[in-house]
Every structure is written in structure tokens, then in C-alpha cells.
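Student: Supplied in C-alpha cells, the structure appears directly below.
A short reminder: the numbers here are calculations on the coordinates, not readings from a lab. Quantities reported herein were computed from a predicted structural model and do not represent experimental measurements. Every residue, glycine among them, receives a Cβ derived from its backbone with ideal geometry; neighbour counts consider all protein chains shown.
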């Protein structure tokens, strides 16, 4: 077992994984790329689901109770948490806008308010907080693969905001608020927005005439550890009920890296058009590092599997979902239900741990902007 997984949390985990009854779960940010897929997965696996949003979603979220709150208003947030009474909270709400210090402040205020509101509950829920591989920043070859305790030095406002959010969560865990940070690497699947490189590229291709044209990208030599959307949401649901993850940062990765130019070429092949790629080296994304590869030893020690991605299926799912969208829309997100039957590994239909457990007497304690996406995303 690696050092990453030998370290024990100062906070003892509760036994929250005993199958008994459907668990009440709450998602913040459920209208986003990952949040919508997670909501579908939890609903399909029997969770009693509430989605807490800043505003009503543009696309319905089937099977979920919808609540709205200002995430900077702690009393309002606490009132909505009490109303939903969740056993588990998945915190995905946030911004990917590359604006400093607005991004930084928004992320921290929302996370701090949520942690304090949850801690004030009589039976606080476990919180699964979503981190990002952008927290690491550039790593030397010797420092790869990146794991639970790899030192972080982010180089973008987004990465800095996510790292501060992670540190806040770990401080809360050390104070007795059970929370786990799921540090997501590069998630790929249908519904990716323009703030992510492959989502932007898919939308740009969909806007081309049937005869093809030019796709303008940033640097495509970057290596990324790519995780299928369906696998990512399954892992999140398993971490939510795992007995040994509180106070931990769990890298959600595959341990395999792929070049961005390979992914772009697969996307071009999927669209079936004559497309030429023009590189604009000034374009940088929310990560802006050349190589990012994750260490799977922590997931393995926890008994959680993340298989190597079927890139062909995921790219096909991404392109099919994009074609179902209006090419003129820069903000529409494909309904995952429309593509799930054909791409079970790439959307939130992969089987996983059912969110069922016995109630415990001790718990745990806005809209997205679209930066220029480059291969570093």
C-alpha cells in the first residue's frame, strides 16, 4: 500500500455503508456537466434526491426535489439543508471562470457557508467535496503520478481556488466535520461545456458546415489522465458511503495518460468531416500544465475500480450528444437520458454502489462562465 493510503484521518469514519434504506442525498451544482450525470446516477440507484441550485435549471432534473438558495447566504443555505435533511451532500457548485480574485472568493464563500451550515445541523451529513487535478500545478517527472499527498502549487486562479477549498474541507474534517475530497482528473463524456477543451472543440466542429473547415485549438501536446463521466459519478457515489475516506483527498484517475492531439483527432474522425487543425499557442485553459497523471493506489486500496477509458466510445458519446444540441447554442447541455442507452460507459448509467444505508446518529459535519479552452483543461 502506498504512503498515500497508509495515512489515517484524524477523524474516525462512521459506518455509513450498511445497506438498509434509500439514502437522502443532496447535490449542489446539479445543472452542470458532472452534477447532472451524478443526479441521473443517484436517481437510477434509488437515492432520495434533492438538488440545491442558485436558480431553477434550464433543463429539468427528473426524480429530484429542487431547492434554490444564495450560497453566500449562510442562514438561507442552512434553512434549505434542514428542509432537505440529507445524509450525504455532494458539493459541485462553483465557477470555472479564470478571473482572480472573483473565482477564488466565490468558491471559498460557497464552500465555507456549506460546511458551516452542515456542521450546525443536529445530524450533519457527510460531504463529498469535488476537487480538481488543477490543484497540483506543474509537476516534475519524478513527482508523477500525482497522489493524495503530492505537494500542490497551482498556477491558475481556478486551481488556487480549488486547493483553498480542499484545505478548508480538510480543516473542517480535522475539527470533526466528516468530509472527503474527490480530486477529479480530466472527465470526458456527453454534455461537456465550452469551459472544457473537448467540449469547446465539439461545439466548434458542430458549428462547421457539412463540408468541414478549420478547428482552432491551443497547444495539443499535453498529456492528460482521462476518466469517463460514468466512472467518475460511480466513484463519487462509492466514496459517499465508504467507511474509510473521511478527512482524505482521493485522486479520481485511471493511471493512464493520453495526448490531447489524439483525442482531438478521434473527435474529428467521429464527426466525419474534412477538418484542418490550426494551433494558437496563446490559448491556455484552467489547468495549463503539460503532463498530468494520477496515482490509482489510493482508489485500489479502497477497493474502488476505475478502468482505463474506452476513448472511442466516449468521444462518440460526446459527439453524438453535441449533434443533438442546437449548434447555435453555446450553453445548452445535452440531456444525458437521451444518450445513456448507447454509451453506458461514458454517461451516468454505469453500475456502482447503491446509495442505501442505515441512518446514523453522527454525520459529518452559478452559473458557469466559459474561459477559452485549450489542451491544458
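Student: Can you tell me which of 85-94, 215-224, 72-81 comes out highest on packing, and rank the rest after it, using the mean Cβ neighbours within 10 Å?
Tutor: Working: 85-94: 25.0, 215-224: 19.5, 72-81: 17.0.
Highest mean packing first, the order is 85-94, 215-224, 72-81.
Student: Another question, if that's okay. From Cα pairs below 8 angstrom and at least 6 apart in sequence, can you work out the relative contact order of the range 95-197, rounded to a whole percent?
Tutor: Working: 119 pairs, mean separation 36.7, N = 103.
Contact order relative to length: 36 percent.
Student: By how many nm would the segment from residue 167 to residue 259 grow when fully extended, if each residue of separation counts as 0.36 nm and the alpha-carbon distance is taken off?
Tutor: Numbers: separation 92, 0.36 × 92 = 33.12 nm, distance 3.04 nm.
The span from residue 167 to residue 259 would gain 30.1 nm if fully extended.
Student: Which three semi-axes in whole Å describe the equivalent ellipsoid of the range 137-284, each the square root of 5 times a Cα gyration tensor eigenvalue, listed largest first? Show your work: numbers first, answer last.
Tutor: On the way: eigenvalues 231, 59, 36 Å².
Its equivalent ellipsoid spans semi-axes of 34, 17, 13 Å.
Student: Quick one: plug the Kirkwood hydrodynamic radius of the range 151-212 (C-alpha pairs) into Stokes-Einstein at 4 °C, 1.567 mPa s, and report D in µm²/s. Don't skip to the end; give the middle numbers.
Tutor: Values: Rh = 14.6 Å.
In µm²/s, the coefficient is 89.
Student: Let me ask something else. How big is the range 184-270 on each of its three principal axes, counting only the C-alpha atoms and giving the largest first in Å?
Tutor: Largest to smallest, the principal-axis extents are 54, 23, 19 Å.
Student: What is the spin-label model distance, in nm, from residue 58 to residue 83 if the labels are put 7 Å beyond Cα along the C-beta direction?
Tutor: 2.5 nm
Student: Moving on to the next point. Just to verify a number: FRET efficiency for residue 277 and residue 105, C-beta to C-beta distance, R0 = 35 Å, to 0.05?
Tutor: Details: r = 37 Å, r/R0 = 1.05.
Rounded to the nearest 0.05, the efficiency is 0.40.
Student: Determine the gain in length on full extension of the stretch residue 269-residue 155; use 0.36 nm per residue of separation and subtract their C-alpha separation, reporting nm with one decimal. Don't skip to the end; give the middle numbers.
Tutor: Details: separation 114, 0.36 × 114 = 41.04 nm, distance 3.30 nm.
The span from residue 269 to residue 155 would gain 37.7 nm if fully extended.
Student: Relative to the present Cα-Cα distance, how much length would full extension add between residue 310 and residue 120 at 0.36 nm per residue of separation?
Tutor: Difference between extended and current length: 64.1 nm.
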